[in-house]
Every structure is written in structure tokens, then in C-alpha cells.
6 protein chains.
Amino acid sequence: MSPLDLNGALDTIAASFSGIRQAGARPLAIGGDHLVTLPILRGLTDRPLGLIHFDAHSDTYDAFFGNRYNHGTPFRRAVEEGLLDPKRMVQIGIRGSISSAANYDFARAAGIRLVFIEEVMERGIDSVMAEARSIVGNAATYVSFDIDVVDPSFAPGTGTPEIGGITTHQAQKMIRSLSGLDIAGADLVEVSPPLDPSGLTALTGATLLFELLCAMVGA
Amino acid sequence: MSPLDLNGALDTIAASFSGIRQAGARPLAIGGDHLVTLPILRGLTDRPLGLIHFDAHSDTYDAFFGNRYNHGTPFRRAVEEGLLDPKRMVQIGIRGSISSAANYDFARAAGIRLVFIEEVMERGIDSVMAEARSIVGNAATYVSFDIDVVDPSFAPGTGTPEIGGITTHQAQKMIRSLSGLDIAGADLVEVSPPLDPSGLTALTGATLLFELLCAMVGA
Amino acid sequence: MSPLDLNGALDTIAASFSGIRQAGARPLAIGGDHLVTLPILRGLTDRPLGLIHFDAHSDTYDAFFGNRYNHGTPFRRAVEEGLLDPKRMVQIGIRGSISSAANYDFARAAGIRLVFIEEVMERGIDSVMAEARSIVGNAATYVSFDIDVVDPSFAPGTGTPEIGGITTHQAQKMIRSLSGLDIAGADLVEVSPPLDPSGLTALTGATLLFELLCAMVGA
Amino acid sequence: MSPLDLNGALDTIAASFSGIRQAGARPLAIGGDHLVTLPILRGLTDRPLGLIHFDAHSDTYDAFFGNRYNHGTPFRRAVEEGLLDPKRMVQIGIRGSISSAANYDFARAAGIRLVFIEEVMERGIDSVMAEARSIVGNAATYVSFDIDVVDPSFAPGTGTPEIGGITTHQAQKMIRSLSGLDIAGADLVEVSPPLDPSGLTALTGATLLFELLCAMVGA
Amino acid sequence: MSPLDLNGALDTIAASFSGIRQAGARPLAIGGDHLVTLPILRGLTDRPLGLIHFDAHSDTYDAFFGNRYNHGTPFRRAVEEGLLDPKRMVQIGIRGSISSAANYDFARAAGIRLVFIEEVMERGIDSVMAEARSIVGNAATYVSFDIDVVDPSFAPGTGTPEIGGITTHQAQKMIRSLSGLDIAGADLVEVSPPLDPSGLTALTGATLLFELLCAMVGA
Amino acid sequence: MSPLDLNGALDTIAASFSGIRQAGARPLAIGGDHLVTLPILRGLTDRPLGLIHFDAHSDTYDAFFGNRYNHGTPFRRAVEEGLLDPKRMVQIGIRGSISSAANYDFARAAGIRLVFIEEVMERGIDSVMAEARSIVGNAATYVSFDIDVVDPSFAPGTGTPEIGGITTHQAQKMIRSLSGLDIAGADLVEVSPPLDPSGLTALTGATLLFELLCAMVGA
């Protein structure tokens, strides 16, 4: 299978995660491009999951650069395909000077809860995460962590960094608050080694994966 | 004109900004050495402006390395030349282990409000910026943002970094609070590409310029 | 003397610091590996000192990699040798995903106060440092500052970085609060130039050494 | 037009270079991925051109990662489409531990002259370039310079670096020897800024573009 | 076994390579510190081997920093232990401003052939390697390649870089000339990732390991 | 004295080197900007010296950026001031795409021997240096080594790097050939630490200073 064949790659990934699900296991995946979340969800579920999504960007474009399947569109596609339940979705840490107001229209219309970075900083982690837990409730939920939600001083090695992000201490606190939820799977994406000569982003990503793993087993 | 001819360079810059003023426009300038603010002010005004100045350093030496016109002296020269009104001046984020107490004598004697970093962190951005707005009032005001007010973890590429600075989130909040003031012009200075191999300082500087632009048009 | 001869090196360092003590001076040392604190204490005192220890790690293993004298063990050796009084010891900023719970058994059994990073962030610097001051009291106290207590975004150049650390502003505040204590000596350790191509860790370390110096003379 | 739409991008590029040709000008293009040479040739010519191709790789796969249009295939496609005349093609500097012997079958069967790096080093630049000039003769010829023909010590910022390459002095000498040929167009490709934090590859690429420009005008 | 226990580590490594030998295989090892060659030889042979040694340094001190077992001494220890036959040893690429003339006394007295970098550059690779092949002859020979024989522009990530070294093209040619010898084992050592932020040394090392592998099987 | 006061700095440097001369010593200086050679010569001599000058640039502009005293002009000023004898001057390694042909007019008119990089590479080090020795003869001679004569792959940390330069091995050979000349003083200039994050330029500069020192004492 060619890694340059988009649909083929999506199918291969979906099949792989379907196998993990059939084995009775829950995946913790590592990206790569955020589009990877879409085939993971295809393989992982046949009914809409909840979503707790940490990111600087909503990733709910209809098309990005004229294309409907890339790192700007996965969560819109997942809603359209019935893989996610927009009423049980929350996106935390949204910001960035390159997004227009219209970028948030789909999320708002669909009922997705958008928590902009200003709200995170004003209310604090405890309050925001309590609301996030109540949005997804006790049903099966997927967790997607885009490394660019963290400030680029802690994680410079990513494709679309945005200043004014959360600290790693805040990220740890957010992930720890997920413990006890019914987490069907999780991923940490958008770490880009060629943009990370210092290795700090790798350290941040690896440590947050450890935190995600602990949260998934209720530690 | 030789870039190594100090007085010639100052005159050229002043003439250029005078042209901007005569065209009825307001400039948003990018440095470079903080001395650039002096000729900008010369070109921009013939009566004393107010000043909101974000910086780790007061830049009000009489002479620095025996020289009266360089990046350690612009705000003293501007007061002496009647370009700034010291009673309507506030300097925010001041700190650093290499300054002696005497460095602040001119500012204090002239009535310039010095807000040291400790006070910023104790009182918070909202309180400090409310006072800054009241100091400059409704009259015409210049905004000068030295990138070294931001902590070097967010902006390492600058000539005189000082640890213990503000975050980019705090910087964004400070700049946004300027919206509605009568801003006659603004600059963001001291980004030094040779000291910025990672490019993070460029990202920080460019995003803060966007915030300054928004503040200048009241967005 | 061979720098590869562990015991010889420990003896040489201890003798050197004994000389400083006999000269009536108090040392401010720079590391290097945290094991250096052990021979400094041997040279500096013949009765148990108090300790304020800033670090991401407790460094109280009995043996690390099968070896009893290295950067994982100095504070246990120092207690065993009667150089430190565990009842007057506090370790601040402890964290890290690679430590097991058992790592803290010695410290807890000996009565050393462990302040984990979560407690630092919850209570704030003022509260934590007030307690630290009361633990060491008015008697002679050593201060050991491992640069890895600071978050790696501010100090990446160190051997065992751990995300989620304190800011340099918090570090400055902590050190300043030591002013007035009876400080018998201090060190700042674990700055590693080969891991610091940007030089930011050197800047952070040098500025914090300045703060330690000020605290030692009550400035 | 979406940059993610491969065929659309190829058409857009071809149309742009067709316009340059119709204006009676000759292009000097900058990449980017080596596939860009294919649409440039489509726009530039309707009869087979000669080719002098500097590269560590032959780029004549039938398919690379299962895909027929990417940076591993442009020169095979160009021969198949009648854009290049294989009898008037020479590839200089070929090497690399990741290529199998079969990679060169197409070139050999088609009559393309392959000059491996060992031959370049043994015979010297003058001899190799005299042969290259005789291969392309006096008819219209395209020049394609992949930066990875240069050793990675001079040009580290590229996607598939191969050790044991030519020096920049040798590259300058090679390009200067092209003066006087009938050069229909040229490109310099595969400089990758994210892989070039030091900027040395940019310096090398820019200076070699200057040399190409001089050669195109017979300077 | 503690990695900090020198003798224990030497024994463990020797036992591991003894196992490889007993399995009828020949090892291609990767360092790490050049001392690793000593226990490899201990495990690999019970009669003196020949040696072709590429290095900027002779590594035949009696003691380095007062210690007899470290990266400055392995080849003297190996001769003393009867693991290498000094009459069948050649060291190629020797240079460096920090060595005194006395450093070469042991090698000269023992009959080891020292080929300084100046001789390599004057005579050329073919001539030097023909002599090297004749020195070791047809009997079993070990090949040790210290990455610092290569110039630091090609391999900066090493502990004791010395300017004026060979190119990677020359290194490839040297290694290829070993094909057909009776190679009992080989290593490539002194690549240091913390000193290699660009990754160029890793690329150089990995490609030269590939060349060593080819030479070991006569390719 | 202010470091920003050009004439003051020139006078201070000249006086310092005059003192070295009066003490009967010969200086080996380290730059910094190549203008430093001018005041060194002023302090060092009162009759015209010979010059062996290694550089990518001739540095004989009448004025550079409209200024007569900076790193583009020192050797013209020194000839005009009678500090250097143009008939006994040779400049080796000259190259660069940013110089116009007119840049060499002064040198040619004055009788300075210009050896361009192409001639160095064609004739080889031995031949070029034999001529250089004969040009300066047995009389007192100054040696100035601009690090940018070395290729930027070996010395990237300099202000005006030019590709296609000499190797460090060639530089060592050139400097060693100076042994036996009557060297009145020497310098190595234009190493710029902020442009040298890897430290390779510092290593190259320091080792070449060692070679210069050896040549000055005839070693």
C-alpha cells in the first residue's frame, strides 16, 4: 500500500484499529497529522462517541486548501459520518490569529462546545474540565490531544504553532482530570520531529502520552 | 545614505515617518534597535505624546557606553526633545540583574510611572493595564513594545534577554486592553533573527504585531 | 588527581571547601553533577545542617544504577553521614514520570518534607516558602538548587528534564524569600552546556546564581 | 486550486511555464519537490530536450511508494511523455546506500548516461563536464540541479541527504562549464527550510542559482 | 549489573561478544566510548588479531587522566593483553593539536604503523590502503572506525573533534578497500547524539556502518 | 572609553599594540571585525610591512556603505597610511558572488597580488604559498587570517560567508608554510559566536590560532 495513496492509507489505518477493538483493547495512538483521528474513529466505533479535544484549532473546516480530507477537517467528517456525537463534544484551547470567525460556524451550529483559550485562562483548569466531564458524561468517549494546544515555548516542533497556549503543567492537570471517564481510545498528534531539533517537543509529547495512559486506566 | 551614519539614519527615518503622518496614516513599525523609536517620534509629532512602553529595561540612560544615542537612551532623549510627556508615560515589565538602582533616577524624577515585573505579577494584567490607560488618558499616545518584556522562553532571539518575564498570553491580554485609546503609532522592536535559530521569536513578534494592529483600529 | 577517580575527586572537593570554611567564607558553588553537593557538605560542616533543596527529583536513592555515589544518591548519603538533619530538610518541586512511589520512602521515613510540584502550584510560592523557612528555622542551612526544578522551556540544557516545572519568575521569588536565613553555603547544579545549544539554560543559571548571592548576603 | 490536488497543481505549473515560454523568456525555477521539473518541462517544450541533471538520485523509478507522480519518478515520466530525449540525457553525482541496482535499469535501457559519484571523483570535473557537453550538444537543453548532489556538510537541509557528495567548489565549477550551451531553462530543487535551521543550505542554493543564471546568459 | 561499574561492564560486554563468536558469527558493533573495543576483542579472540584503525587519535596512552581503562587507552591494553599483534596494526588519520609527541612513543616502540593525516592527504587513499592491507595480510583482522577520523564538518557530534580530517567520500573509499580481508569483527564508535543536534553525524555513522557491513561480506 | 566611539576605539587598540611592540613581543590577535587589523598595524609599525592575507574578500573598498572605516576598507587605509607595502602584499582565497569587478581595481592598481579561489584550487597550496613567501620575502610581514576564507561548512559562524572556500586541512597547510618568515604579528578575525550555535567555528578558529602561533615561532 502506498503511503501517498490517501484513501488507501485511511482504509489501512481503520482496519488496523478495528482489529484492536475486536481484540478487546483500547488504543493510545501517536500522530502524525491530525487526519489520523478520522480513520481511528472509523475502526473504533459504530455508534457516535463523545469527544474531549485539546487543540489550538477546531479542525472542522468543510474543506481546507480545497480538499475535504486533511488535518483541517477530521472532526467535521467524523460528525458527518456519525462517528462522533456533536452534543457530547468539547474543544479546549482554541485560538490563533489565522482563523476567521466563520471557522467556528459548523461547530456552533452542530452544538459542539468551543472553549477558547481566554476562557481556559480566566476560569482555570478545574472549572473547564468539570464542564468537559459533564458534557461527555458516562458514555464512551474519545480523547484527542493536538500538541499545539500547548504553548510553543514547551512544544515548538509542530506544523501550526500558535502563541499564548497552555503550560505543560496545565496540560498534565487537564489530562489527569479525565481519569474515571469511559475512554474508548485516545491519541496525541502533530509532533513533528523535523521541526523539533531541541527534542523538547518529543519530551513533552512522551510525558503527556504517559499521562493519557494513566488516565485511560483510571490511575 | 550610509546605514553606518547615525545622524543620517535618524534623519532619514524621521523624514519617512513624517511622510506617513502627512498622509494621514498611523504607523506600525518593526525594529531593530530600540533607538528607532526616537526618529519615529520626531517624524510623528510636534507636541508631547503619551507613551505605553512594554520592556524589561527603562531605556532612559543619559548615555550608554559613553554614547547618548543608542538603544539605552531613546526615551530620555524623547522627553528632553519634548516628543513625550513624562506625566503621561508608563513603562511596564521592568526588571533585570544588570541594572543598578540609579538607572531609574531619571524616570522617577521626571514622573514616569515604572511598573516593575514583580508588580505586574502581583496585581495582574487587568489592574496594571487599567492604571496604564488612566495615565495616558484620552490624548494621543504612542505604544512601544520591546520583545524582551516577554520571557526568553517565548522570545529568545533578542540582544539583552532577561529571565522572569511575562508570557505571550499575558502580552496578548496587555495589547488587547489598549483598544479604544488614541494610538498615534506603535512599534515592536528588538527581534534579532541571528539570535533566533528556532524562529520562535519571529512567530511571537509577528503575532503580537497582529494584536497591535487590531488594537490600533479598535478591534 | 584523576577526574575519573570518584573517591579522589570527592576528597579533593571536600578539602577545597574545607579551606573556604576555614577562611571564614561561605561558598556559592556551581555544578556539574548533583553528587558535588555531598563533598561540599563534607568540607563545610561537622554538624548537621538544614537544607532547602529545589529539584524535580528527591535524589535520595540508596543506590542508582547499582552505585551508591552518584547524582541519584547525594542527599541520602549526606543524611547517613550526619551532614544534614532530616528534620530540617525540605525538597521543593518534586515530580517526574520516571520515579516510582518507592523512591520517596527514605525521605518520608527520615522525616524530610517533600513538596511535590502540584502542591507548589496549588498553594503558591509565598505559602510554600513560609513553611520552608519555618522548617529550617534560624540555624545554619544549606541551599541546593538543581536547575531541573525549573521547567525545561526555561532551562532545557540538563540531563534529566521533567515537564511541568516552575517558571523562572517563580524561581526568583523562591530564592528571594531565603533572604535573612543563616545560609552556610549554596550551589546551583546540573546545567549541562552540551545540552544547551541555545544558551538559555546558561542565562537562567547565571541569573539565579545572582539571586542566590543576593539572598546569602541578605539583600 | 488546491495545493493538495496533484493533477491540478501539475496543470497550473505547466500553464505558468508555458506563459513564460510564449513571452520568449527562459525560466530559472526554484523547488521544492523534484516532481516540479515534470510540469515545467510540459510547459516549456513540445519536442524532446537534452538534459544535464545533477543529483544523488536518478529519479527514474516507474513508481515510488506505489505512486507514479512524485519526486522519485519525474525523469521517467518526462522521457515517456517525449519531453526529454534519453540519448541526450546525462545524470551526474549518482550515489546512495538506499538504492538497489535495479533502480538504474530504466536509465540504462533508455540510453541515459549515468555518471556515478566515484567516476566524478576519479576523472575530475573538467573531464566529466566535457563529456556532458558533448552528450547534449548544441541543441536545446534543460538543466536540473538537485541540491542533494552536494554533500550534506554543505547542504544539510534536504529530504534525502546522501554522504560522499561533491563540494560547493566542484558544484560551481560544474555549473560554470555549462556556459555557452543552449539552455532552454533550469531549476534548483529540494532545498527544505524546515531541515535547514543553520541556513547554510539556503546560502548554498542561492549562490548556485546565481551561478546558473550566469551560465544561462553565457557569462 | 550497574552501567557505572567499569569492570562489570567490561565483563558483560566481553561475555556477550564471546557468545557471538561461539555462534560462528562476526560482530559489527556500535559505540559509544572507544573503550568498548577492548572488551569486544576480549570476547572475540584468544590469539593476536591484526588491526586497521581509523581515528584522529592513537588511543595508546598508558593512562589518561590517571586512569588505565578509558577511551584514551584501549589499544595499548589490547596489545598488552595479547589481543592485538602490534606488527599487524595500522592507525590511519592521526592528528590533533592537543597531543604531545610523546603520545606516539608506545605505538612506535611496539611497531604499530602510524599514518598521520598529512600522509593520507599526500599519498592518497589508494596508496595508504594498499599498505594497510599488506600490513594486516591474510590473517584475521579487526577493524575499528572512530567517527572523529572524519572531519567535524561531516561528523560534528563526537567528544574530541579535530579539524583537518578526511571527507566522507574518502572514508567510503577506505572502507571499500577492506573488501576481501579476513575481517573478524568491526566497530564504529564515538558518535555522540547529544552533540549532534543536526543529525548529520548519525547519517554519516549509519552510512559508514553500511559500508563496513558490505566490506565484511566481500561485497 | 565608549566601545561605540569608533575613533576612540581605534586609538585605544593602537596604543595597546604599541605597548606590546615596545615590550619586544609580537602579537597574535583575535577578532572581531576585520577593521581591528588597521589599529593593530598602526600600533605595531612605523614602516611598511609585507602582508599575507587569507580572506574571501579583498577588503580594499574606499568606502563601504558610505563609510571609510569599517570591515570593508582596512587594507586600503593601511596602504594609504604607509603601514603596508602594496608590492609586498598578497591576498589569498578571494571569491564571492556579491563583489563587482571594480572591487579589485585598487588592489590591482597598487600592485597587490590577488589570488582568487579558482587559482588556489588549480595550482594547489604548495605552489601558491611558495609564491606568497617570495612576495613578502625576508622582511617583516604581518599575517591576517579572516575565518571566511575557510568554507562555511567548516566555519559557518561568520558575518559574510561565501561558499566554495578552502578546507581546514588546506588552511592548516597554508599556515604551516609560513614558518620561517619574519612575522611581526598576526590575527584571526571574523569569528562570530552568535552565528555559531554548533561551536564548530570556534573549534576551527582556535585550532588555526594554534597553527599561527607555531608558525610565528618557527615550529
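Listing for the model above:
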| read-out | value |
| --- | --- |
| DSSP bridge pairs, the protein assembly as shown: antiparallel proportion in percent, nearest 5 | 5 percent |
| Whole-Å distance, taken between Cα centres, linking the stretch E:22-69 and the stretch A:1-71 | 50 Å |
| Histogram of C-alpha separations across the protein assembly as shown, 10 Å bin width, % | 1, 8, 13, 17, 22, 20, 13, 5, 1, 0 |
| Peptide-level mean, for A:67-76, of C-beta atoms on other protein chains within 10 Å | 1 |
| Long-range amide H partners of E:L49 with built H, under 5 Å | E:L84, E:D85 |
| F versus B: buried accessible surface, summed, Å² (probe 1.4 Å, to nearest 100) | 700 Å² |
| Amide proton proximity set for F:G157, modelled H, under 5 Å, gap of 5+ | F:T201 |
| Integer Hz, Karplus 6.51/-1.76/1.60 couplings in order for the stretch F:187-194, x for Gly and Pro | 8, 10, 10, 6, 6, 10, x, x |
| The stretch B:60-173, accessible area per residue, ligands and nucleic acids excluded (1.4 Å, Å²) | 34 Å² |
| The stretch E:1-111: radius of gyration over Cα atoms, expressed as a fraction of 2.2 N^0.38 Å | 1.07 |
| In Hz, Karplus ³J(HN,Hα) per residue of the stretch B:61-72 (6.51, -1.76, 1.60; θ = phi - 60°; x = Gly, Pro) | 4, 6, 9, 10, 6, x, 10, 8, 10, 7, 5, x |
| Compactness relative to 2.2 N^0.38 Å, alpha carbon Rg of the stretch A:103-219 | 1.07 |
| For the F-to-E rotation axis, chain F residue with nearest beta carbon and its distance in angstrom | F:S153, 3 |
| Backbone HN-Hα couplings from phi across the stretch C:25-30 [Karplus 6.51/-1.76/1.60, Hz, Gly and Pro as x] | 9, 10, x, 10, 9, 10 |
| Estimated dipole of chain D in Debye, rounded to 20 [Cβ of Lys and Arg +1, of Asp and Glu -1, Cα centre] | 560 debye |
| Calculated label separations, B:A63, copies of the chain, 7 Å along the beta-carbon direction, nm | 2.7, 5.9, 6.7, 6.7, 7.7 |
| Apportionment of accessible area to carbon and sulfur, the protein assembly as shown, percent (1.4 Å) | 57 percent |
| Dipole of the stretch E:6-216, positive end: most advanced residue of E:I112, E:S153, E:A63 [Cβ charges, Cα centre] | E:I112 |
| Whichever lysines have a C-alpha closer than 30 Å to that of E:K173, once near sequence neighbours (fewer than 8 apart) are set aside | D:K173, E:K87, F:K173 |
| Under-5 Å amide H pairs with C:V189, H placed in peptide plane, nonlocal only | C:G31, C:F145, C:D146, C:I147 |
| Quarter of Cα convex hull surface for the stretch A:6-216, i.e. mean projection, nm² | 10.7 nm² |
| Whole-Å distance, taken between Cα centres, linking the stretch C:89-138 and the stretch D:90-143 | 67 Å |
| Rounded to 5, the percent of DSSP beta bridges in the stretch E:6-216 classed as antiparallel | 5 percent |
| 222 nm mean residue ellipticity, helices alone, for chain E (DSSP H n ≥ 4; -39,500 (n - 2.57); rounded to 500) | -11500 deg cm²/dmol |
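The values are calculated or read from the model by the stated rules, or taken from the named source; none is laboratory data. Everything quoted here is computed from the prediction, not taken from an experiment. As a convention, Cβ positions derive from the backbone with ideal geometry for all residues, glycine included, and neighbour counts pool all protein chains shown. Ligands, DNA and RNA are stripped out before the accessible areas are found, and what is left, the full protein with its side chains, is counted by its heavy atoms. Shrake-Rupley method; radii C 1.70, N 1.55, O 1.52, S 1.80 Å.
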